[in-house]
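Each remark here refers to the structure printed beneath this line.
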Amino acid sequence: MAIAADNRQHQPKLIYDRYVRYLFIASAFLMTVIILSIIIFVGQQGLATFKDVSPVEFFLTAKWDPAEDQYGALSFLMGSVYVTLLALLFGAPLGLAGAIFMAKIAPGWLREIMRPATDLYVAIPSVVYGYVGLTVFVPFIREFFHVSTGFGLFAAALILSIMILPTIISISEDALRAVPKNLEEASLALGATRWQTISKVLVPTALPGILTAIILAMARAIGETMAVQMVIGNTPQMAKSLFSPTSTLPSEIVVEMGNTPFGSAWGNSLFLMALVLLIISLIMILLIRRIAARRMA
């Protein structure tokens, strides 16, 4: 009798758990369908570009002039690569230094202040970063480096380096704090200094997590639109220097998508740019999963 009563008591919970499980399965299926639909739609429209434009022209030439039916996107591809690498060059060392400080040097009370403050940077809209770059960084670059406009790769990279700092700091700090305490204590017991322990023990051990942070920061930087669009100059030309205006894949899509007829070679070329960005993001996600799998192994 007691067993039967107990079964009757738990039966509503079992039914509830079953329905919640079905809800999660349905949600996961729906998200899969939506993502696949986006990939298929963007892929179909993007690959339709090759009916009018050869792959060689699109990927290997920098002449972009839709009025003349010329759709060379090399300048946008290289602009995205350059600005991402520059942003990592500026932001990754600073972000790693901030993570080391917060994880192993800062006192507890200061860490409790800095961690939420760092996370708040993520909530700032990208247009705000772009406006700061437009009103502060661009005039400063123009006056300090004595260039004509101040727009270009350097301004965009500075803005992006600030925007990727929260990602690098947060994930790298978690990776450093996850290093077993006995490794640090063993290093100090063998006579290593605090900085030797950090550089020779903690950072190499936390390297998979740090690499994950850097790859996520790359994904954020290469897909950033509004902030870059406001300070890079939006000129369809190869960058000749750090201070020459150029454009990136996302910024060019934003500038031109509203003016292009759907289904035209011009519009399909913009969809192909979006497909390239999507493929790059998928590759970065696969890299992160591979790094995480090795870390778990």
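For (1) at pLDDT below 90; (2) in the same structural domain as residue 230 (by TED's automatic domain parsing); (3) more than 30 Å from residue 241 (Cα to Cα); (4) outside any helix (DSSP H, G or I), each residue gets a yes or a no:
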site: 87; (1), (2), (3), (4): no, yes, no, no
site: 93; (1), (2), (3), (4): no, yes, no, no
site: 114; (1), (2), (3), (4): yes, yes, yes, no
site: 121; (1), (2), (3), (4): yes, yes, no, no
site: 135; (1), (2), (3), (4): no, yes, no, no
site: 148; (1), (2), (3), (4): yes, yes, no, yes
site: 162; (1), (2), (3), (4): no, yes, no, no
site: 172; (1), (2), (3), (4): no, yes, yes, no
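In the stretch 191-227, what count of residues is obtained for those that are within 24 Å of the chain's Cα centre (by Cα) and not acidic (Asp, Glu)? Number of matching residues: 24. Kindly establish whether residue 199 is free of Cβ contacts under 8 Å to residues at least 40 places away in the same chain, within 23 Å of residue 111 (Cβ to Cβ), assigned by TED's automatic domain parsing to the domain that holds residue 115 and part of a helix (DSSP H, G or I). When the stated conditions are applied, residue 199 passes them. Taking residue 17 as the residue in question, decide whether it is over 27 Å from the mean Cα position of the chain (by Cα) and on the phi > 0 side of the Ramachandran plot. No. Could you check the stretch 244-265 and list, in sequence order, the residues that are assigned to a loop (DSSP other than H, G, I, E, B), among the β-branched types (Val, Ile, Thr) and closer than 16 Å to residue 233 by Cβ? The one that is assigned to a loop (DSSP other than H, G, I, E, B), among the β-branched types (Val, Ile, Thr) and closer than 16 Å to residue 233 by Cβ: 248. Against the test of being of a type in the set (Phe, Trp, Tyr) and buried (at least 16 other Cβ atoms within 10 Å of the Cβ), the options 140, 101, 144, 90 yield a single qualifying residue, 90. Would you be able to say whether some residue in the stretch 66-73 is in contact with a strand residue (DSSP E or B) (Cβ under 7 Å, 6 or more places away or on another chain), of a type in the set (A, V, I, L, M) and modelled with pLDDT of 90 or more? Yes, there is a match, as at least one residue in the stretch 66-73 is in contact with a strand residue (DSSP E or B) (Cβ under 7 Å, 6 or more places away or on another chain), of a type in the set (A, V, I, L, M) and modelled with pLDDT of 90 or more.
The values are calculated or read from the model by the stated rules, or taken from the named source; none is laboratory data. No experiment lies behind these values; they were computed from the predicted model shown. Note that each Cβ is placed from the backbone with ideal geometry, even for glycine, and that neighbours are counted across all protein chains shown.
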